[in-house]
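> So that we are looking at the same thing, I have put the structure below in structure tokens.
The values are calculated or read from the model by the stated rules, or taken from the named source; none is laboratory data. Everything quoted here is computed from the prediction, not taken from an experiment. Cβ sites come from the backbone with ideal geometry, for glycine too, and all protein chains shown count toward neighbours. Accessible surface areas use protein heavy atoms only, side chains included; no ligands, DNA or RNA. Shrake-Rupley method; radii C 1.70, N 1.55, O 1.52, S 1.80 Å.
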Amino acid sequence: MRKCKKSIFAFGLLFLMLSEVQAEYCAVGQISGNVCKGFVIESCKFIRVDAVKDDNGKLFTVKECYSDVSEYSEGKGRCWINTKSKGGGAISWALNAATQPEFLHKNENGEYEEIDVEYLIFKCVQR
């Protein structure tokens, strides 16, 4: 009986670990980006992200599900994904210039405009 309980416990623990590894965070509704302007005094606002441009200039819709996020609040049902490196001065600037995805927002005229996103935020569910 004791050996059976240990086996059940071990199986349950393994199942929990595997399900955590395979968790996905999926957006519910629109995905917005925090866009800041200014140098010493910044003004920030959330702007809807409508597309992402690849290295060849091809547009793609923003992914709806992610295997990992920077922060997840179950209580608020919100996810955050940091898109930039911060605090490293020139190193962060160079890293961001080399790796930052090109996010786009469709303006009132229906044209895409590039936006410089600090982080993505969206309502999400964990699956």
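> Do you know which residues across the stretch 83-113 are touching a helix residue (DSSP H, G or I) at 6+ places or on another chain (Cβ under 7 Å) and modelled with pLDDT of 85 or more?
Those that are touching a helix residue (DSSP H, G or I) at 6+ places or on another chain (Cβ under 7 Å) and modelled with pLDDT of 85 or more: none in the stretch 83-113.
> I've got another one for you. What pairs can you find where one residue is in the stretch 55-74 and closer than 17 Å to residue 120 by Cβ, the other is among the hydrophobic types (A, V, I, L, M, F, W, C) and open to solvent by 40 Å² or more (accessible area, probe 1.4 Å), and their Cβ atoms are less than 8 Å apart, with a gap of 6+ or different chains?
Close Cβ pairs (under 8 Å, with a partner that is among the hydrophobic types (A, V, I, L, M, F, W, C) and open to solvent by 40 Å² or more (accessible area, probe 1.4 Å)) amount to 69/80; 70/80; 71/80; 72/80.
> With the checklist (1) modelled with pLDDT under 95; (2) of a type in the set (D, E, K, R); (3) open to solvent by less than 100 Å² (accessible area, probe 1.4 Å) in hand, flag the one item residue 127 doesn't pass.
(3)
> Suppose we filter the stretch 37-66 for residues that are surrounded by 10 or more Cβ atoms within 10 Å (Cβ to Cβ) and among the hydroxyl-bearing types (Ser, Thr, Tyr); how many remain?
Total satisfying the criteria: 2.
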